[in-house]
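Peer 1: Quick one: structure below, then a few questions.
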Amino acid sequence: MAVTGLLLVGFLYVHMIGNLKIFFGEETFDHYAHWLRSIGTPLLPEAWYLYIQRGVLTVAVVGHIVAATILARRARLARPVKYAHRPKVQGSYAARTMRWGGVIVLLFVIYHILDLTTLTLNPHGVHGEVYRNVAEDFAPGRWYVTLFYTLSIVAVGLHLRHGLFSAARTLGQQSPRSAVVVRAAALVLSVTLVVGYLSVPFAVLVGLVD
Amino acid sequence: MADFWNDGDAIVDTAAPEGPIENRWEKRKFSAKLVNPANRRKLTVIVVGTGLAGGSAAATLAEAGYHVKSYCYQDSPRRAHSIAAQGGINAAKNYRNDGDSIYRLFYDTVKGGDFRARESNVYRLASVSVNIIDQCVAQGVPFAREYGGLLDNRSFGGTQVSRTFYARGQTGQQLLLGAYQAMERQIGLGNIEMNARHEMLELIIVEGKARGIVVRDMVTGEITTEMADAVVLASGGYGNVFFLSTNAKGCNVTASWRAHRKGALFANPCYTQIHPTCIPESGTHQSKLTLMSESLRNDGRVWVPKDAADCQKPAADIPEEDRDYYLERIYPSFGNLVPRDIASRAAKNVCDEGRGVGPGGLGVYLDFADAIKRLGKKAVEAKYGNLFEMYQRITGEDPYAVPMRIYPAVHYTMGGLWVDYDLQSTIPGLFVVGEANFSDHGANRLGASALMQGLGDGYFVLPTTLGNYLASGPYEKISEDHEEVVAARNEVESRIKRLLEIDGDRTVDSFHRELGHIMWEYCGMERTEEGLTKAIGLIRSLKEEFWQRVKVPGTGEQLNQNLEKAGRVADFFELGELMCIDALHRRESCGGHFRAESQTPDGEALRHDDEFSYVAAWEYATGESGKPTLHKEPLEFEYVHPSTRSYK
Amino acid sequence: MDIQVRVWRQSGPTDTGRMVSYDVKDISPDASFLEMLDVLNEKLILDGDDPIAFDHDCREGICGACSMVIDGTAHGPEKATTTCQLHMRHFKQGDTIDVEPWRAAAFPVIKDLVVDRTAFDQIIQAGGYITAPTGAAPEAHATPVPKADADLAFEAATCIGCGACVAACPNGSAMLFTAAKVAHLGLMPQGQPERDTRVIDMLQAQDDAGFGGCTNMGECSQVCPKGIPLTLIGRLNSDYRKAVRKQL
């Protein structure tokens, strides 16, 4: 869980930085998108790097889900009879919502790919015109898309808040002092990510990007 | 008065070696027969109980190659009540270079036991004490350490040397877990067959030798007979005869008592240690008493109001001049640090005068106001914080603001099954270790010595002496159809049936509570001929009532906690009676036994060495007379000459 | 005070079990939770009902026998407190209190509130020890142990093996229990020779016993009556990673 999770977090950050390029204008953003397809050339044929990365990410996602499923299944088997009095949460809510949060994130990722990668569900839907695809997508009339996007990103944030700490723990973080640092870092990184991602649709919404 | 017992022949400890005391254990080890390692697998040893003595014995015997079958009533061997010991464990390491030695530990223990222990045994205990610490450290017991990484020591229970090793206030827990882990390792290797939630209900004797036990599986109720070449009892003390004690709720005398009924002599049953610093009863619901470390008396001052009329007032409203710091008044040189028995009795005396505080007037104040003023709250917190917390959790009172209330409670029983130097009872093949035997503490046990004795017996003494017995084995295999085996089994089954069939109108606990009251009142801190005689009568009639009116719900074929309790309480009645008889016969005061008739003009314990310098070993009342028979084992003091304790 | 308790009643391992309500009257606020159940049981016995079975022994918070989930929290509402040390003064007149057993597949119910915790012993059997046959020990001062290590080892070693961590864990994991023992022994120089095999074997035993996996939620440490810190799980993970790497 920890290794695949950290890999995905790494991607999320790079992806977020890329997203923020939208604030530099249509041309820059489209150029950036085009550049992505050319990474690795001429050593690799055009877009190969992107496919390799997608392959790696897919493996990570599948690995993450498989591990989570095994854990969830084990947890279910480990407690065949539920408590009659629902236990109150003593630890963190973020930790308690990892599984449902994960499912929401997965559903979002599928939608997101159909929306902005394959453009199947995108209202503009022209390959190469990335800026327009995004701007049309989050147009004020499509507020429900923005709402779903926002909820999903918040879910990602919560997922990361516990996920980052948990990954550190799983990889051996053990001193009480560094636990404070790790928890704080997890919080800062999650909040940064949420703010970074949400800045785009809200910029579209308020007309900063159009 | 002698109507209560018969006099029997004197007994001698035939296993005890002679010669200079420091050579006796070496001599015994050398003279003990050895068992060929290849033969050990064929020898089975039953160990009942998994506390410090039983756990360490089972692990060590299994390591040596014997096949061990272990039994405990708890759900795991890790829960034996040794786990609750707080203070520490003594060892004559002399790491402090303060003049300690094996001889001094030996001397202190004999003297502390008020000259009612065997010198040879005590010397051996003192000499193996150093090995115990080595052993425990090797197992990873996290003893307290100093900054240099070496073991820390403290002075405990009023000794003048620092020889007590400790792990904060949880020494018993840490030592027990060490033994438990060693045991679990052997269980994993298949050398110990562990039977938790099993209770021994009878001893099986075939041709004069202990050959097995009858046990009840407490989950299924199944009764089985378990055979072996030797049986070791490590089933602990019998303080629960008082109902309220610091023992765990499950602690009982049944294993020992069943062996006693089958012929093992029971020695010095009246020696009971009463601990002065326990949290008092809060009401009729009280199910047990909690001990707080004696170290509290180092800084706390004990007092009660001078005038009984002040007892209902809040402590803060009683001015200094109306307080009686009675320990400091009566014992100016030792003050609040007098030994356990003296502090306990003094508390009882002031409460008997009607000057006790708290519910029922059964409590005295232990006040830290002066210590807080002198050292600051911070320093007091650093020293006693965890104890204060525990007190507050139980009583709901803040000891930083109001004085603690304390009262004595039964804590440890020095008596137990009689054993010889080899720790073998009067039944060949039946060995008894730890608190269950009577041997090493005499009439009073010193602080931090119980852990030492339990582990000394289990790790070092028993494995040697038991080997000597087993060297004559393997003994002939006994079939489960053997008439003695069948008889023992039938006895257990019919007793259970009888208990279930009474179906009366009183609960087991109500009887136990009443028995406890009788014992506490008449066989507690102060005993008189009149009181003891009365108690014997009361116990007899209560026992009779028990067998007519007790109500045990449920069946024998299931987990039935009331059935378990009923069997134990039935044995406590018989034990209680014997304790009173023993206390009645010993017309002297010594250690944990104070006879009001035998005191100095200023109220201190008065021993009669000329008459009572012996171990009283009782034979179960089997004859027509219905009276137990007293066998005396004379005690000789070649090294430590009897003197009178004085703490004035 | 008068209260109502709703207690899990299950006559045996094969019974499905159910919550049953009982009124308990005139309970002193100074009574412990177990003493309250004692009073109830006395009444049940005299009324001809089956008393409630529950594990308990020392009643001073150290043996680890008592094991009840009270209103959804293992050992009840007070922090760092075992059920036997929980007092009725923490409840109010008229409260309804739910009492359930530890619920975990690895801790099957024997009767009512009594569960079988042999699985914990099995985890210890797999490696929760230092091999030190009696008599083979070197002089105690031969190996000094830094005070900080000894203190932390002690803190880990105070685990009473009650199983509250498992009861509270949404995954039904025993990780805190295992981690405490791995840390205690792994911090001592005496524990080094078996450090690698210990962590691997104990984790295997834990999985084999049917406990769930750890996802670092931290519920365990919150209910632990001895306050065993969650950080020890990180220690275990680190030890495990190193041990596995050495095996490769």
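Peer 1: For segment C:3-111, just the Cα atoms, rotate onto the principal axes and tell me the three extents in Å, largest first.
Peer 2: That works out to 36, 34, 23 Å along the principal axes.
Peer 1: I want the local charge near C:VAL99. Using Cβ-Cβ distances under 11 Å, sum +1 for each Lys or Arg and -1 for each Asp or Glu among the other residues.
Peer 2: Residues close to C:VAL99 contribute a combined charge of -2.
Peer 1: In addition: Work out Dmax and Rg for segment B:483-608 from the C-alpha atoms and quote the Rg first, both in angstrom.
Peer 2: Reported Rg and Dmax, both Å: 18.1, 59.
Peer 1: If all Cα-Cα distances of segment B:103-151 are sorted into 5 Å bins from 0 onward, what percent lands in each bin, rounded to whole numbers?
Peer 2: Spelled out bin by bin, segment B:103-151 gives 5, 19, 21, 15, 14, 15, 9, 3, 0 percent.
Peer 1: Let me ask something additional. Taking each pair of distinct Cα atoms in segment B:270-384 once, what is the resulting Kirkwood hydrodynamic radius in Å?
Peer 2: Details: mean 1/r = 0.0668 Å⁻¹.
One decimal place: 15.0 Å for the Kirkwood radius.
Peer 1: Report the semi-axes of the equivalent ellipsoid for segment B:305-367 in whole Å, largest first, where each axis is √(5λ) for an eigenvalue λ of the Cα gyration tensor.
Peer 2: 20, 14, 9
Peer 1: Just the Cα atoms of segment B:92-202, one point each, no solvent: what log10 I(q)/I(0) does Debye give at q = 0.10, 0.16, 0.24 Å⁻¹?
Peer 2: -0.41, -0.88, -1.30
Peer 1: Just going by the charge dipole of chain B, with Lys and Arg at +1 and Asp and Glu at -1 on Cβ, which of B:VAL231, B:GLY55, B:TRP5 is farthest out on the positive end?
Peer 2: In chain B, that residue is B:GLY55.
Peer 1: In whole angstrom, note down how far apart the Cα centers of segment B:616-648 and segment C:193-248 are.
Peer 2: 54 Å
Peer 1: Before anything else, pin down the relative contact order of chain C: Cα pairs under 8 Å, at least 6 apart, normalised by residue count, whole percent.
Peer 2: Working: 446 pairs, mean separation 48.8, N = 248.
RCO, chain C: 20 percent.
Peer 1: So if I take the centroid of the Cα atoms in segment B:302-336 and the same for segment B:525-596, what is the distance between those two points in Å?
Peer 2: Distance between centres, Cα-based: 35 Å.
Peer 1: To continue, here is another question. Over segment B:483-608, what is the mean sequence separation of C-alpha contacts under 8 Å (at least six apart), divided by residue count, expressed as relative contact order in percent?
Peer 2: Numbers: 147 pairs, mean separation 38.0, N = 126.
Reported relative contact order: 30 percent.
Peer 1: Two-decimal Rg/Rh of segment B:1-125 from alpha-carbon positions, Kirkwood Rh?
Peer 2: 1.04
Peer 1: Does anything in segment B:394-433 have its amide N under 20 Å from the 7 Å Cα→Cβ label point of B:ASN386, and if so which residues?
Peer 2: B:394-396, B:399-400
Peer 1: Could you work out Rg/(2.2 N^0.38 Å) for segment C:148-208, with Rg from alpha carbons only?
Peer 2: On the way: Rg = 12.1 Å, N = 61, 2.2 N^0.38 = 10.5 Å.
So segment C:148-208 has a normalised radius of gyration of 1.15.
Peer 1: Would you list, by chain and number, the aspartates and glutamates whose Cα falls below 15 Å from the Cα of B:LYS632, excluding same-chain residues fewer than 8 positions away?
Peer 2: In chain and number order, the partners are B:ASP7, B:ASP9, B:ASP13, B:ASP420, B:ASP582, B:ASP609, B:ASP610, B:GLU611, B:GLU619.
Peer 1: Express the Stokes-Einstein translational diffusion coefficient of segment B:386-542 in µm² s⁻¹, to the nearest whole number, given a Kirkwood radius over alpha-carbon pairs, 4 °C and a viscosity of 1.567 mPa s.
Peer 2: Result for D is 62 µm²/s.
Peer 1: What are the residues whose amide H is under 5 Å from the amide H of B:ARG116, where those residues sit 5 or more places off or on another chain and H is modelled from the backbone?
Peer 2: For B:ARG116, the qualifying residues are B:ALA443.
Peer 1: Roughly how far apart, in whole Å, are the Cα centres of segment C:161-186 and segment A:90-129?
Peer 2: 35 Å
Peer 1: How big is chain B in terms of Cα radius of gyration and Dmax, in angstroms?
Peer 2: When restricted to Cα atoms, chain B yields Rg and Dmax of 23.9, 75 Å.
Peer 1: Here's a follow-up. Report the label-to-label distance for A:VAL62 and B:ASN6 in nanometres (one decimal), using points 7 Å from each Cα along the Cα→Cβ vector.
Peer 2: Output for this residue pair reads 8.8 nm.
Peer 1: If you project the alpha carbons of segment C:15-65 onto their three principal axes, what span does each projection cover, largest first, in Å?
Peer 2: Taking the Cα atoms of segment C:15-65, the three principal extents are 31, 31, 18 Å.
Peer 1: Translational diffusion coefficient of chain C at 37 °C, 0.692 mPa s, Stokes-Einstein with Kirkwood Rh over Cα pairs, in µm²/s as a whole number.
Peer 2: Estimated diffusion coefficient is 169 µm²/s.
Peer 1: Any idea what the alpha-carbon Rg over 2.2 N^0.38 Å comes to for the protein assembly as shown?
Peer 2: Normalised Cα radius of gyration, the protein assembly as shown: 1.06.
Peer 1: Would you list the P(r) distribution for segment A:17-120, with all Cα-Cα distances sorted into 5 Å bins from 0 and each bin expressed as a whole %?
Peer 2: The percentages, shortest bin first, are 2, 9, 11, 16, 16, 12, 9, 8, 6, 4, 3, 2, 0.
Peer 1: A further question on this structure: Work out how far the C-alpha atoms of segment A:94-189 reach from end to end along every principal axis, then list the three figures in whole Å, largest first.
Peer 2: Largest to smallest, the principal-axis extents are 51, 25, 22 Å.
Peer 1: Work out from phi, with θ = phi - 60° and the Karplus expression 6.51 cos²θ - 1.76 cosθ + 1.60, the ³J(HN,Hα) of each residue of segment B:494-506, listed in order in whole Hz, and give x for Gly and Pro.
Peer 2: Residue by residue, segment B:494-506 yields 6, 5, 4, 4, 4, 4, 6, 7, 4, 6, x, 10, 10 Hz.
Peer 1: Report the antiparallel proportion of the DSSP beta bridges in the protein assembly as shown as a percent, rounded to a multiple of 5.
Peer 2: About 70 percent, rounded to the nearest 5.
Peer 1: With the cut-off at 26 Å, tell me which of the pairs B:LYS288/B:LYS497; B:LYS377/C:LYS79; B:LYS93/C:LYS181; B:LYS262/B:LYS348; B:LYS111/B:LYS262 have Cα atoms farther apart than that. Present the calculation step by step, with values, prior to reporting the outcome.
Peer 2: On the way: B:LYS288/B:LYS497 29 Å; B:LYS377/C:LYS79 24 Å; B:LYS93/C:LYS181 28 Å; B:LYS262/B:LYS348 38 Å; B:LYS111/B:LYS262 34 Å.
Checking Cα-Cα distances, B:LYS288/B:LYS497; B:LYS93/C:LYS181; B:LYS262/B:LYS348; B:LYS111/B:LYS262 exceed 26 Å.
Peer 1: Treating the angle as unsigned and between 0 and 90°, give the value, to the nearest 10°, between the Cα long axis of helix A:143-170 and the longest Cα principal axis of chain A.
Peer 2: That helix lies at roughly 50 degrees to the long axis.
Peer 1: Where does helix B:377-395 land angle-wise versus the long Cα axis of chain B, in degrees 0 to 90, nearest 10?
Peer 2: Compared with the principal axis, the helix lies near 60 degrees.
Peer 1: Which FRET efficiency value, to the nearest 0.05, do you get for B:ARG498 and B:ASP217 by plugging their Cβ-Cβ distance into 1/(1 + (r/R0)^6) with R0 = 22 Å?
Peer 2: So, using R0 = 22 Å, E works out to roughly 0.65.
Peer 1: Starting from 0 in steps of 5 Å, tell me what percent of the Cα-Cα pairs of chain A lands in each bin.
Peer 2: For chain A, the binned pair fractions read 1, 6, 12, 17, 18, 15, 12, 9, 5, 3, 1, 0, 0 percent.
Peer 1: Same structure, new question: From the backbone phi of segment B:435-445, what are the Karplus-calculated ³J(HN,Hα) couplings (6.51 cos²θ - 1.76 cosθ + 1.60, θ = phi - 60°) in whole Hz, Gly and Pro given as x?
Peer 2: In residue order, the calculated couplings are 5, 5, 8, 9, 5, 9, 9, x, 8, 7, 9 Hz.
Peer 1: Continuing with the same structure: Below 8 Å between Cα atoms, with a sequence gap of 6+, how large is the relative contact order for chain B in percent?
Peer 2: 21 percent
Peer 1: Could you tell me what fraction of 2.2 N^0.38 Å the Cα radius of gyration of segment C:117-247 comes to, as a two-decimal ratio?
Peer 2: Ratio of Cα Rg to 2.2 N^0.38 Å: 1.04.
Peer 1: Compute the helix-to-body angle for C:147-157: its Cα long axis versus the longest principal axis of chain C, expressed 0 to 90° and rounded to tens.
Peer 2: 40 degrees
The numbers here are math on the coordinates, done by the rules we state, and not lab data. On a predicted model such as this, the values are computed, not experimentally measured, just so you know. Heads up, the Cβs are rebuilt from the backbone with ideal geometry, glycines too, and the neighbour counts pull from every protein chain shown.
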